[in-house]
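A quick write-up on the structure given underneath.
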Amino acid sequence: MASAKIKQSNAYRVFTVCNTVLMALISAVMLYPFIYLIAQSFSSAAAINAGEVGLLPVDFNVDTYKNILAGGEFVRYYGNTIVYSVLGTALALLLSSMLAYPLSKVELKGNKIIGPLIIFTMYFGGGMIPSYVVMITLGLRDTVAGFLFPGLISTYYVILMRSFFATIPKELEEAGEMDGLNKIGVFFRIALPLSMPIMATMALFYLVQYWNDWFDAFLYLDTKTKIPVALHLRNLISTAANAEDAGDSIQVAANIKSCAMVLTAAPIICVYPFIQKYFVQGMMLGGVKG
Amino acid sequence: MKTSKKLLSMLLALVMLLSLVACGGGNSGSSNSGNSGNSGNSGGSSNSSANNGGGEEQAPAPGDVDNGDGTFYNEELGYTYGATFKSDEPLTYTIMFNDNDAYPIKDSWKTDGIFKTITDMTNVSLDLNEVNNASYGEKVGLLINAGTAPYIIPKMYGDAQYVNGGGIVAVSDWVQYMPNYTGMIDKYDLQADVDLNRQADGKYYRLEGLKETALQDYSLLIRKDLFDAAGYDVTELEKTWTWEDFAEVLKGVKEYMVSQGIIGANDYIWSDRWCGATSGYGTGGYLLRLIAHSYGIECTWSAGNLTYNADLYYDEAADEFKMSAGTDEFKQMLKVVQGMVKDGILDPETWTQDDTVADSKFYTGKTALIGTNRSMLVAQDEAVAEQLGAGNYELYEILLPMGTTSYQDDNSRKECGVCISSSALNDMSESEFIRLMRFVDWLFYSDEALTMTKWGVEGETYTVDADGNYSLTPGYYCGGLTIPQTSDDQVDMRIELGYAGGNYMYSGSRELLASAFSADLRDFYDRMAEYRTLRPQAPAVPLEEDDSEMVNMWGAGFKTELETWILRFCMNQDGYQDIDAKWDEFQAALQGQNAQNIIDMYNNAYQASK
């Protein structure tokens, strides 16, 4: 049977055109800063100062990239970020899932108390100073653990995971128990392998969280060689914007700032189109089946 | 189920109760530590009461012996203090360190540079808590509030926010043990300036940088070659010119630039920096402040105290605070600025654009003047040279035009300062704490340390000739002192050894402060001293915490309203071109934002503090 094409009304066509034009305009507005940033990073400082750089680089060169990368400092911060992101994501997945799984069991004693208490932390935090005091009292000041621990368990992500775990058929777990697995065995051998979609999504969430996190590094890391690239970038930008200290101010060249921003954002920007569907899926996975 | 709910409720109530008890406990602990601080000060209590009243007098500590040469020896703990500081036994003090990206700290500073020199001179090792320049203020706040700050906290621009928390020491209770600090106050007659920093309890919590004179930092940098070509001898005109005269000169310069095809008839010749919302200085920025001060009033980005919010100024004749925006001088200032915009001289984008946009217009020769300050001057010269080519232009830092007064803008002889963490007071005995304060006194206020932190070690990094002129030894140049590199084998003293950094060199005589200035800058300051006068300091108004909060609340709305109107007038917006016609409406709008309440609260607090 030949498929009949649905005829679009004129109004719908107009709507589609307007919609497309509007979206294109919004996209252009959003893309422009990135393109401008990239153009600046490949331009000379003189051209930037002269206001000649627009969408395309002027006096195209890669000297700034070479200088930044040759300095060693930026590479070190970058390396720190990679280590922290990978390590933090792995630990966060482990701990979050270990919290979410038992909470997904209605038979868990105290579930009705523990659940609300966990949600309580979404609305009320201890505050920055008390949290900081707790961390340094635990001896975590200026340690990698001090940077990683505060972000290890996100309540929101735990709720998403709990919702997913709740959808796993009870019969599968009971079958595992009949075959001799204890609760931990069921979790690692049955529940986790069946939860790869939510784990993949959460991995991406946590990865982006650690990659962009400068604030915990600012709070808990004192030694310069330990800081992640996000904090370094934040310092670069704040230095240029901070006018209070005008007597001792520094002019950070626009091309250096641009290069640092491009290098920091590039991995996530490159990966984002490929992982975007998982982000959306993740929301659906956790949200619809609660 | 009901029982479990009851249990849960009781549990939560218990937790809340315990939290309250814990909070109460914390307070009592801090008040205890405060008491211990006071009792620790009991030895000099008579002096501290005198201090609260005003004068900073010296007092001996137990075991002090006068060496008769400007130094003293403390027999109890074994250290020399005064013009020098040297401990018999090695000491270590924790200290915050503001790590600047322009000259990041290096290991060589500890092995060969400033920190080794400090240890060699004093037997004190500094245990640094390094924080990047960009995060410094926030990190300091965090550490003070968490009670974990190092003992010495330099580079502090404010302290009021930490006073109630008890995280920092009321240093005014201890200055009687600091001979260099008190000596500097006496020598430069700075007591009234220092008293401005007193809080509602009559004490002050920050040892500010003290300077013999206020050096005007911000001014205008002009293309002198264009002014000359247009027929204006600015070196003569600047001695007495007013803003109205200045506007006429700029009109002439514009005519010349248009006639030469440098710019078009619709272009502006002045597009400034430090004024846009992105500059960090707030709307109106430095420019309106400079102009307002020349009229003896305040406007925007003013002297970092609470009056900033309300643009209050002190009327000496009436001995009270008044609202700047209600004065004839304010109206006159607005007319001058609006006139320059109307005449196509001053770019209205000045109040919206990013600083770099203003810079690029000046660097490429599209404008004839721009704001400058000491730290920007050299960079601006280099950037113009890069765009226009050396020898094709001449820059000149002008004396700011006068309003109704000849006041220069800067009138503060103080700089950022040093706070002392309360943990020092808690960790040390009274004698040990006095020793710490005397080390701080040496490091931040003695001639010996001020010279060392700025120039390094005599004979090694610098020399002084018979006329008192300082110069670096051949192996060094110094970006921080604006001493340029002249040969490839030179290294930057600040970068390699850490001298001339921003953590220590706040205070000093005019001679020391200007010791590294270029000939042009020295000339600028000589002209300023000859043709301009120092604006009197407004008295301090120590507001109680509640009043302070109330003023801040009123001030936020007032400031927004005021800035909106200022911009409407200054940018010559439609409907606001006739300032006289709009004046009553403007005043009514300000009154609607609690203007009178703010004025009354200040004046009441001021009268009460007398």
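The values are calculated or read from the model by the stated rules, or taken from the named source; none is laboratory data. The shown structure was predicted, so the numbers you read here are calculated from the model rather than taken from an experiment. Ideal geometry is used to build each Cβ from the backbone, glycine not excepted, and the neighbour counts take in all protein chains shown.
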Looking only at region B:571-610, how many residues end up being outside any helix (DSSP H, G or I) and more than 17 Å from B:A318 (Cα to Cα)?
11
Within region B:453-466, can one find any residue that is part of a helix (DSSP H, G or I) and away from chain A (no Cβ under 14 Å)?
yes
Does region A:123-149 hold any residues that are within 14 Å of another protein chain (Cβ to nearest Cβ) and assigned to a helix (DSSP H, G or I), and which are they?
A:M128, A:I129, A:P130, A:S131, A:Y132, A:V133, A:V134, A:M135, A:I136, A:T137, A:G146
Can you run down the residue pairs with Cβ atoms below 6 Å, 6 or more apart or on separate chains, where the first is in region B:222-240 and more than 20 Å from B:T372 (Cα to Cα) and the partner is aliphatic (A, V, I, L, M)?
B:A230/B:V253; B:Y232/B:V249
What about B:I114, is it touching a Ser or Thr at 6+ places or on another chain (Cβ under 7 Å) and either surrounded by fewer than 17 Cβ atoms within 10 Å (Cβ to Cβ) or β-branched (V, I, T) (or both)?
yes
Within region A:128-187, work out how many residues are under 25 Å from the mean Cα position of the chain (by Cα) and within 16 Å of A:S104 (Cβ to Cβ).
12
If you scan region A:146-167, which residues turn out to be farther than 15 Å from A:M122 by Cβ and either modelled with pLDDT of 95 or more or touching a Phe, Trp or Tyr at 6+ places or on another chain (Cβ under 9 Å) (or both)?
A:G146, A:F147, A:L148, A:F149, A:L152, A:F165
Tally the residues that are more than 7 Å from chain A (Cβ to nearest Cβ), in a helix (DSSP H, G or I) and surrounded by fewer than 18 Cβ atoms within 10 Å (Cβ to Cβ), restricting the search to region B:349-381.
3
Quick one: is B:Q485 outside the structural domain of B:Y73 (by TED's automatic domain parsing) and over 30 Å from B:D526 (Cα atoms)?
no
Unmet requirement for A:I114, which otherwise passes all of (1) under 20 Å from A:T264 (Cβ atoms); (2) β-branched (V, I, T); (3) surrounded by fewer than 19 Cβ atoms within 10 Å (Cβ to Cβ):
(1)
I'm trying to understand the selection: among the residues of region B:91-107, which are away from every other protein chain (no Cβ under 14 Å) and either farther than 16 Å from B:V440 by Cα or aliphatic (A, V, I, L, M) (or both)?
B:L91
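Test of understanding: among B:D465, B:D492, which residue is under 27 Å from the mean Cα position of the chain (by Cα) and surrounded by fewer than 22 Cβ atoms within 10 Å (Cβ to Cβ)?
Numbers: B:D465 fails: under 27 Å from the mean Cα position of the chain (by Cα).
Checking each option against the conditions leaves just B:D492.
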Residue check, B:G304 surrounded by 17 or more Cβ atoms within 10 Å (Cβ to Cβ) and either modelled with pLDDT under 95 or within 14 Å of chain A (Cβ to nearest Cβ) (or both):
no
Can we say B:F72 is farther than 20 Å from B:D427 by Cβ, in a strand (DSSP E or B) and among the aromatic types (F, W, Y)?
yes
Filter region B:117-135 for residues that are assigned to a helix (DSSP H, G or I) and crowded, with 21+ Cβ neighbours inside 10 Å; which is farthest from the other protein chains (Cβ to nearest Cβ)?
B:T122
Considering B:V384, B:V418, which residue is within 12 Å of another protein chain (Cβ to nearest Cβ), crowded, with 20+ Cβ neighbours inside 10 Å and of a type in the set (V, I, T)?
B:V384
Scan of region B:387-411 for residues that are touching a Leu at 6+ places or on another chain (Cβ under 9 Å) and within 12 Å of chain A (Cβ to nearest Cβ), ordered by number:
B:D410
